[in-house]
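**Student:** I have a structure I would like to understand better, so I am pasting it below and will then ask my questions one at a time.
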Amino acid sequence: LFFVMPNLALSKSIDETLKDAETHIEVYQNKEALEILKNLDDLNDRQSAERDYLLGRLYFALGKFGKAYEFYELANLGYTDEPKYQVALAESYFALGNIKFAKKNAEVALRIDPDLIEAELLLAKIDDRLGKKEHASDRFKRLLDLQPSSEPVIVAYAKYLESRVETHTSIAVIEKFLVKHPNSPDAVDYLGQLYWFIGNSVKAISYREQATILYIEQGKVIYANAIKEWIKKN
């Protein structure tokens, strides 16, 4: 135990650090994320795969989809049991215009994890790109019927609607959800972003301030601080 416990502590520390890097990426703080990732060492195979995946997300956020694909492929090869790496590969294929392989990888991810919302979202986008708008809508209707109280599902659906330039419908969907589930920070924050997109800065800042409070209550300090920085700039 004397020799094992320090290794367990180190492993936990690395996992937490990787999670922090992922959070920075999610709030568009790519420089902070890169600084974390480039200073990691002594990783096991799973952690190394996660680092490659996060580097892929960084390049994807910068619009360098080919480079993102390379890191996503490294992650998938390094840890083949993680379905989100399959989704990441699918997203890079989709961004590069390879619809066939995007669909194939997303379907593989769903076979591994049938509840993977990111895969469902991408498949809906693929259906939409192929002109199968009804299939895309039906996919989300099934998800919403199965998980009507799921914040990730409702936010994914709102993002899908936004991708179709249906911003006002997206806003209505989120607002309806928040009537029953007001303490949902991701939904509240995305609602603020949607209002910002349509030029309503007052409502945008108000909702994002509400999201900050909710994130702090849930211990998600990086998310809260990112919003505070955004509010200062706007």
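**Student:** Among 149-162, 54-67, what's the highest-first ranking by average C-beta atoms within 10 angstrom per residue? Spell out each step's value before the answer.
**Tutor:** Numbers: 149-162: 19.8, 54-67: 17.8.
Descending packing order for the listed peptides: 149-162, 54-67.
**Student:** If R0 is 41 Å, what FRET efficiency do you get for ASN225 and LEU130 from their C-beta distance, rounded to 0.05? It would help to have the intermediate numbers written out before the result.
**Tutor:** Details: r = 40 Å, r/R0 = 0.98.
That gives a FRET efficiency of 0.50.
**Student:** Another question about this same structure. Note down the relative contact order for the chain as a percent, whole number, built from C-alpha pairs under 8 angstrom at least six residues apart.
**Tutor:** On the way: 260 pairs, mean separation 24.4, N = 234.
In percent, rounded to a whole number, it is 10.
**Student:** Calculated from DSSP H runs of 4 or more alone, at -39500 (n - 2.57) each and per residue, what is the 222 nm mean residue ellipticity of the chain, nearest 500?
**Tutor:** Details: 13 runs with 187 residues, N = 234.
Counting only the DSSP helices, I get -26000 deg cm²/dmol.
**Student:** Around LYS132, with a cut-off of 12 angstrom between Cβ atoms, what is the net charge of the other residues, counting Lys and Arg +1 and Asp and Glu -1?
**Tutor:** +1
**Student:** Show me the ranking of peptides 220-233, 85-98, 120-133 by mean Cβ neighbours inside 10 Å, starting with the highest. Display every interim value, and only then the final one.
**Tutor:** Numbers: 220-233: 16.0, 85-98: 22.1, 120-133: 18.8.
Output ranking for 220-233, 85-98, 120-133: 85-98, 120-133, 220-233.
**Student:** Label-point separation (nm) for ARG46 and LEU146, each offset 7 Å from Cα along Cα-to-Cβ?
**Tutor:** 2.5
**Student:** Ignoring any ligand, DNA or RNA, what whole percent of the accessible area of the chain comes from carbon and sulfur when the probe is 1.4 angstrom?
**Tutor:** On the way: 7030 of 13190 Å².
Ligands and nucleic acids excluded, carbon and sulfur reach 53 percent.
**Student:** Using a probe radius of 1.4 Å on heavy atoms only, what accessible surface per residue do you get for the chain? Whole Å² is fine.
**Tutor:** Working: 13190 Å² over 234 residues.
With all protein chains present, the chain gives 56 Å² per residue.
**Student:** A further question follows. Which of LYS103, LYS19, LYS180 moves most in a GNM of the chain, Cα contacts under 10 Å?
**Tutor:** It is LYS180.
**Student:** Report the gain in length on full extension from ASN30 to HIS181: 0.36 nm times residue separation, minus Cα-Cα distance, nm rounded to one decimal.
**Tutor:** Result: 51.3 nm gained on full extension.
**Student:** Of PRO83, PRO148, PRO185, which has the largest mean-square fluctuation in a 10 Å C-alpha GNM of the chain?
**Tutor:** Greatest mean-square fluctuation among the candidates belongs to PRO148.
**Student:** Apply the Karplus curve 6.51 cos²θ - 1.76 cosθ + 1.60, θ = phi - 60°, to the phi angles in the range 123-136 and return the couplings in whole Hz, x for Gly and Pro.
**Tutor:** So the Karplus estimates, Gly and Pro as x, are 5, 5, 5, 5, 4, 4, 4, 7, x, 9, 5, 5, 4, 4 Hz.
**Student:** If you add up the charges near ASN98, with Lys and Arg at +1 and Asp and Glu at -1, over every other residue whose beta carbon is less than 12 angstrom from its beta carbon, what do you get? Kindly include the intermediate steps, with their values, before the conclusion.
**Tutor:** Values: positive: LYS100, LYS103, LYS104, ARG129; negative: GLU91.
Counting the neighbours of ASN98, the net charge comes to +3.
**Student:** Let me ask another. Once you have the Cα-Cα distance between SER206 and THR17, take 0.36 nm times their residue separation minus that, and quote the gain in nm to one decimal. Working shown, then result.
**Tutor:** Working: separation 189, 0.36 × 189 = 68.04 nm, distance 3.09 nm.
Fully extending the segment from SER206 to THR17 adds 65.0 nm.
The values are calculated or read from the model by the stated rules, or taken from the named source; none is laboratory data. The model shown is predicted, which means the values in this text are computed figures rather than measured ones. Methodologically, a virtual Cβ is constructed for each residue, glycine included, from the backbone with ideal geometry; neighbour enumeration extends over all protein chains shown. Surface accessibility is based on the protein's heavy atoms, side chains included, excluding ligands, DNA and RNA. Shrake-Rupley method; radii C 1.70, N 1.55, O 1.52, S 1.80 Å.
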